[in-house]
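Let me begin by presenting the structure, written as structure tokens, before commenting on it.
Throughout, read-outs are computed from the coordinates displayed, never taken from laboratory work. Please read all numbers here as calculations on a predicted model, not as lab measurements. Here the Cβ is made from the backbone with ideal geometry for all residues, glycine too, and neighbour counts use every protein chain on show.
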Amino acid sequence: MPEVLVKNKEEQERIESAYQDMIASIKSGMDEQDSKNIRDAYELAVEAHQEQRRKSGEPYVLHPIAVAKICASEIGLGPTAIAAALLHDVVEDTEVTQAEIEKRFGTRIGKIVDGLTKLDSAYNSESPQAENFKKVLSTLVEDVRVVLVKMADRLHNMRTLGSMPRHKQLKIAAETSYIYAPLAHRLGLYAFKTEFLDLCMKITDPDNYQAIARKLAETKRSREAYIQEFITPLKEKLNSLDVPYHIYGRPKSIYSIWNKIKNKQVPFEEIYDLFAVRIVLDVPPEREKLMCWQVYSIVTDVHTPIPERLKDWITTPKSNGYESLHTTVIGPKGRYVEVQIRTERMDEIAERGFAAHWKYKGIKGQRDVYERWLDNVREILEDPNSDAVEFLGDFRANNLFTEEVFVYTPKGDMKILPSGATALDFAFSIHTDIGYHCTAIKVNNRLVPMGYRLQNGDQVHVYTNSHQKPSEDWLKMVVTGKARAKIRSATKEERRARGEFGKEAIQRKLKHLKVDYEESVEFLLKHFNYSSRVDFFYDIAVDKLSVPDIFRHIKAEGGRLVAVEPVPEAAPVEVESNRPRAPRKVLDKPRLMINGEPAERFEYSFASCCNPVQGDQIFAYLTANAGLKIHRSNCPNAANLMANYGYRVMKADWVSTTNSTFVADLKITGIDDGPGIIERLSHQISSALNLNIRSFSIEGYEGYFEGRISLLVPNVDQLNLAIRSLQNLDHVSTVSRVE
């Protein structure tokens, strides 16, 4: 590497060392041209990024080198993708042009780099992030390597987030959990998905993350001893098969353990399946199924099985190609243990997903699962009416589901749909025209509503009529992205056709006023808060909005439209939309800093979807017409807001104050021992903790009760104290904050 590229000799050696380490991790074969491309890409990256530093202060070029290493060692990509990974930020962040890349490295590398370069035009759109996601995801159907390099880029960014400001960490984590983690699952990159979700939790919920990590470290020795106790009797019988294998236990991810704690409402100490035992066999493809079931037989001979926990993804692989036999058995001391049985081929596909599937393509003599999936992606991309945010929502719904349902056509062909899919989703999955013209559906020879939720094993028969058309109500009856996109496209076309009458009425009026048509329509859309012309013209056509009403307070002045005075109805609408569910007097508002400035300078309120309490990690979100909303960082809506509208998200921090109270909702369950439980709960809250109860409801079911209590608390510490205090009461089983 030329001396002039890096002035600091120590850094020069560090960069060269990182490069050599990356080269050593390449597993695929390389010819002379491949080696030259990678070296040239490296030297161009060093030169182009020489003046740039990461937030941590280290040379920026270490980032593309690290991304290239992840592509090589963790995904198993070849030289073309590795060269593109080294160049992935060059066009976006330096003076080097796309044309130069293509001239120097050829079309294949050039196309991948282009796919990884953000759209300049996106910054004028409603959601720049969604536009750029759409660009990257659109490349799936041409060259999946673009997405795989992007995944490696995101993984390295997540691993090195520590030096970024807190609010940027939250945005990046939200994007990751919203799109990259489910996409990793869909591409079969399970190791990536697991690490993404763990790293996201580390940022959005650091307290619980650290608590579980600490407990896992504390229990590591006893866990390892238990695994040995579990697998020792298995080894004896497995050895008799005379087949190469390896067996080991691996802890579950922190995120999945936390999910189990939340969903099952049990403490860490009561979760037995903190790990899974994996048995991996080395057998030829034709013996895979037979040997896996033989191993299953051995496992269930040694340990008692739980039949309903058997999952056979060998006979019927998941739609992302995942194959494995999962069962749960009762091990020593009565603990539940998950056992995964698979072959080396299955294991490689499970770990590397799409990147590994080419190696084994056609091995089972069936159509490739990814080809079926990519056909679905193409159909969503073909929708000309879909904006970027709609596209992203449809893509997530149709392509990034984790749970599946298997159903059958009348001829016995199997279709895989996301769990929760409806009979109407099935119709659209067969063919768009069958969905459009669907009039009735039979499931297992019984007539069902279009919104019927499909179950595993259902056989579905769709009846059509050429005169049938989709309506907007159909959107409530489907969950898949393909169905939603097609219904939305059809209804938009219908709205557009009807809206032509409204458009003509506006054209006549604007021509009469002698003002510019395009400029005036844009003014009217903004004034009446419409996001699209189609909706505006449609509302005029159906008399929801009349032309005389529109121009009652708008006039032409100097060749353009101006508002004479505010629309009378606007004020009450604004007040209503700004009112939080738990109203507070303005004087009682707690003190906040938003983007480093006192919050009093802004119009803000607390989001009712997550009810932040002083001390919670928070962010501010600029709404379209209700000022700023303050959300908790782990709010259920946070990922969607930050992933699609990150430019509207602002940093928010509490300023210590003592005279404010916040609404916090708790869910309590336990043993119903009569009316005394109500008195004990209310006494503990009101007398012992001196907190005000805003609302209290409780119901008993056959010896079990479930209650909802809404409290007014000064801060999150007081809330946590209340949760612990209520949990310590006799006959109370769980107390959790309502998300």
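Structure values in brief
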| quantity | calculated |
| --- | --- |
| Potential lengthening between Glu522 and Asp312 on full extension [0.36 nm per residue; Cα-Cα distance subtracted] | 70.0 nm |
| Selected from Leu666, Ala211, Gly76, residue furthest toward positive end of dipole (the chain; charges at beta carbon) | Leu666 |
| Structure-derived Rg and Dmax of the Cα atoms in Å - corresponding label in (1) 24.3, 77; (2) 29.4, 93; (3) 30.9, 100 | (2) |
| Distant-in-sequence amide H partners of Leu187 (H built 1.01 Å from N, under 5 Å) | none |
| About the Cα centre, charge dipole magnitude for the chain (Lys/Arg +1, Asp/Glu -1 at Cβ), debye | 920 |
| MRE, 222 nm, helices only [DSSP H, n ≥ 4, -39500 (n - 2.57), over the chain, to nearest 500] | -13500 deg cm²/dmol |
| Relative contact order of segment 210-352, defined on C-alpha pairs under 8 angstrom at six or more residues apart (%) | 24 |
| Restraint check, Lys27/Lys264; Lys193/Lys651; Lys111/Lys168, Cα-Cα greater than 31 Å | Lys27/Lys264 |
| Length-normalised contact order of segment 403-475 in % [C-alpha pairs under 8 Å, at least 6 apart] | 35 |
| Signed unit charges on C-beta, dipole axis of segment 210-352, positive-most listed residue His246, Thr316, Gln228 | Gln228 |
| Residue pairs, from the table Lys55/Lys260; Lys55/Lys252; Lys235/Lys333, whose Cα atoms sit over 25 Å apart | Lys55/Lys260; Lys55/Lys252 |
| Mean separation of Cα contacts under 8 Å (6+ apart) over length of the chain, as relative contact order % | 8 |
| Estimated distance in nm for a label pair at Arg724 and Ser532, the labels positioned 7 Å out from Cα along Cα-to-Cβ | 5.2 |
| Convex hull volume per residue for segment 426-538, taking Cα atoms only, in Å³ | 112 |
| Burial order of peptide ranges 338-347, 301-310 (average beta-carbon count within 10 Å, highest first) | 338-347, 301-310 |
| Pairwise label distance in nanometres, Ala440 with Lys168, each label 7 Å out on the Cα-Cβ vector | 6.1 |
| Distance in nm between pseudo-label sites at Asp242 and Asp473 (7 Å out along the Cβ direction from Cα) | 6.8 |
| FRET efficiency, 1/(1 + (r/R0)^6) with R0 41 Å, evaluated for Ala99 and Lys27 via beta carbons | 0.80 |
| Amide hydrogen neighbours beyond the local backbone of Ala276, cut-off 5 Å, H modeled | Arg250, Lys252 |
| Within segment 608-739: Cβ-based charge dipole about Cα centre, in debye rounded to nearest 20 (Lys, Arg +1; Asp, Glu -1) | 680 |
| Amide H partners (placed H, <5 Å) of Ile618, local residues excluded | Ser633 |
